Amino acid sequence: MSTNPVTITAPDGVPFIEITREFDAPVAAVFRAHSDPDLVKQWLGPHGYDMDIESYDVRTGGRYRYAHTDGSGGTYSFNGVFHTVRPDELIIQTFEYEGTPGVVSIETLNLEDIGGGRTRLTAHSTFPSVEARDGMVSSGMEQGVSEGYERLDGVLAGR
């Protein structure tokens with residue numbers, strides 16, 4: 001288990017979520033873990049879910065679509081477009097949970113070298129409304145993000 005906490009902020013009255021997490025790995029490794037579908041499949045999402053990736057083309061103009069399946073067979077599919085990708089620095093993408101079609105957020109992931117072979121990831125999501133943002137917050141997002149980042153620590157450590 002990591003000692004690096006996840007900070008999730010959802011300020012009142014605005015449709016934003018900000019997630020900050022530090023990793024004990026260099027920026028290039030954290031970027032690769034976010035852009036290589038074989039690695040993404042190992043860590044993204046909550047414990048106990050399987051992940052099937054239909055497409056994951058991390059480049060400016062690329063697309064993605066994947067589905068998580070829980071232990072009861074429930075499937076949760078997501079898709080989006082990578083608008084801007086600057087390796088080892090920035091990913092800007094759309095994010096849509098297909099269970100609520102048409103509710104699309106814009107996500108910006110910034111990677112920052114904080115020295116000592118460590119990285120700070122800051123993710124900022126903008127939703128179409130405060131209600132849509134609140135729906136994401138109440139969906140179990142915090143648990144999924146925290147558990148996924150715990151598994152990402154293992155991927156980055158080569159486990």
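Each value in this text was obtained by applying a stated rule to the coordinates, not by laboratory testing. Because the structure is predicted, anything quoted here is derived from the model rather than measured. When we count neighbours, we look across all protein chains shown, and the Cβ atoms used for this are built from the backbone with ideal geometry, even at glycine.
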Quiz item: So which of Gly73, Gly62 is over 27 Å from Ser138 (Cα atoms) and out of contact with any helix residue (DSSP H, G or I) (no Cβ under 7 Å at 6 or more places or on another chain)?
Solution: Gly62
Exercise. Return a yes/no flag: does the stretch 45-66 have any residue that is within 12 Å of the chain's Cα centre (by Cα), among the β-branched types (Val, Ile, Thr) and over 17 Å from Phe23 (Cβ atoms).
Key: no
Quiz item: What do you reckon, is Val40 out of contact with any Asp or Glu (no Cβ under 7 Å at 6 or more places or on another chain) and not in a helix (DSSP H, G or I)?
Solution: no
